[in-house]
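The values are calculated or read from the model by the stated rules, or taken from the named source; none is laboratory data. Please read all numbers here as calculations on a predicted model, not as lab measurements. All Cβ positions, even for glycine, are placed from backbone atoms using ideal geometry, and neighbour counts span all protein chains on display. What goes into the accessible areas is simple: the full protein's heavy atoms, side chains included, and nothing from ligands, DNA or RNA. Shrake-Rupley method; radii C 1.70, N 1.55, O 1.52, S 1.80 Å.
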Amino acid sequence: DAGASILSVRNLEAWYGESHILHGMNFDVNAGEVVTLLGRNGAGKTTTLKSIMGIIGKRTGSVRFNNQEINPAFSDRIARMGVAFCPEERGIFSSLDVRENLLLPPIVRPGGLSLDQIFDLFPNLKERLASQGTKLSGGEQQMLAIARILRTGARFLMLDEPTEGLAPVIIQQIGHTIAQLKKEGFTILLVEQNFRFASTVADRYYIVEHGKVIDGFANSELRANMDKLHTYLGV
Ligand code: ATP
C-alpha cells in the first residue's frame, strides 16, 4: 500500500576487501516514492546500492524489503523479491542487438513488461530493435538498461546515475520515464550527481557523506535546505 516502508536500511556497513566503505547507513524508501541519494564522488552511494543487491564483498547490518530481511548471500533471491539494479555502467551486451538484450533477462516475477509495453515507454527502442548494442547512443543504452530491468517484473528499481554523460534533451526524456514509472506505481531509489535533474523527479533526498546518511529532507523542504546542499554538494 502507498506510503508504507518498502525498503528499510539499518546500520548498513560494507567493505571492499579491507576497505571499510559504509559506516552505518540508515534510510527508508516508502511505496511509490522516488528517493534520491545525493553526495560527492566516493561518498558511498553506489556501494549502498550494491550492498542492497548483495554484490559486494562483505556487509553487516539490516536491509529489509517488504519486511523481509534480504540475505546478501543470495542475490538471485533478491531479484525474485522484486528488486532490480541498473548499474552506472549500464551493462548492455555490445554484440547483441536491442531485441536480444531485451529478451535476455529472465522474467522472475509476474508483471514483467512485455516488449510492447517496453516500446510504449521507450518508442526509440522500437526503431532500434535490430541495432547492435555498440551502435546505440549513450541515451539509447541507458533506456535499454532501464527497459531490461522492467522485463524482470521488479517493482522496486535502483538506478545508478542514469543521466551520466547524457545530453540535456535525453536527460529530460529519462526524467519523463521516471515520472511515468512512478505514476504506474513503481518505487525508485536513485543515485544522482546531477542535482538539477534529481530535483525534477525526487520526492525525498538523503545526503550521503563518508559512508553515512548525514541528512534527509523532502522535496517540499528543498528551499530551507539549499544552504546544506551547497555545503555538502557544492550545488
Ligand atoms: P561515485 O559517483 O564516484 O560512484 P559513490 O558515492 O557512488 O561515488 P562509491 O562508488 O560507492 O561512491 O565508492 C565509495 C568508496 O569506495 C570510494 O572511496 C571508492 O574509491 C571505493 N571503492 C569503490 N569501488 C571499489 C572497489 N571495487 N574496490 C575498492 N574500493 C572501491
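Condition check: out of contact with any Leu (no Cβ under 6 Å at 6 or more places or on another chain), buried (at least 16 other Cβ atoms within 10 Å of the Cβ) and not polar (S, T, N, Q). Does Leu121 satisfy that?
Yes, satisfied.
Please list, ordered by residue number, the helices (runs of 4 or more DSSP H) wholly in segment 148-235 having 2 or more residues that are free of Cβ contacts under 8 Å to residues at least 60 places away in the same chain and among the charged types (D, E, K, R).
Per the criteria, 226-233.
What number goes with the only condition from (1) surrounded by fewer than 18 Cβ atoms within 10 Å (Cβ to Cβ); (2) within 12 Å of the ligand (Cβ to nearest atom); (3) among the polar types (S, T, N, Q) that Asn30 does not pass?
Condition not satisfied by Asn30: (2).
Taking interchain pairs and intrachain pairs at least six residues apart, which have beta carbon atoms under 9 angstrom, with the first residue in segment 39-58 and within 20 Å of Tyr205 (Cβ to Cβ) and open to solvent by less than 20 Å² (accessible area, probe 1.4 Å) and the second near the ligand (Cβ under 6 Å from one of its atoms) and among the charged types (D, E, K, R)?
Here the result reads Gly39/Lys45, each pair linking segment 39-58 to a residue that is near the ligand (Cβ under 6 Å from one of its atoms) and among the charged types (D, E, K, R).
Output the number of the condition that Gly112 fails; it satisfies all remaining conditions of (1) away from the ligand (no atom under 16 Å from the Cβ); (2) in a loop (DSSP other than H, G, I, E, B); (3) open to solvent by 50 Å² or more (accessible area, probe 1.4 Å).
Failed condition: (3).
Determine which member of the set Ile92, Ile21, Ile52, Ile6 is in contact with a Gly (Cβ under 7 Å, 6 or more places away or on another chain), hydrophobic (A, V, I, L, M, F, W, C) and either more than 12 Å from the ligand (Cβ to nearest atom) or part of a helix (DSSP H, G or I) (or both).
Just one listed residue meets the conditions, Ile92.
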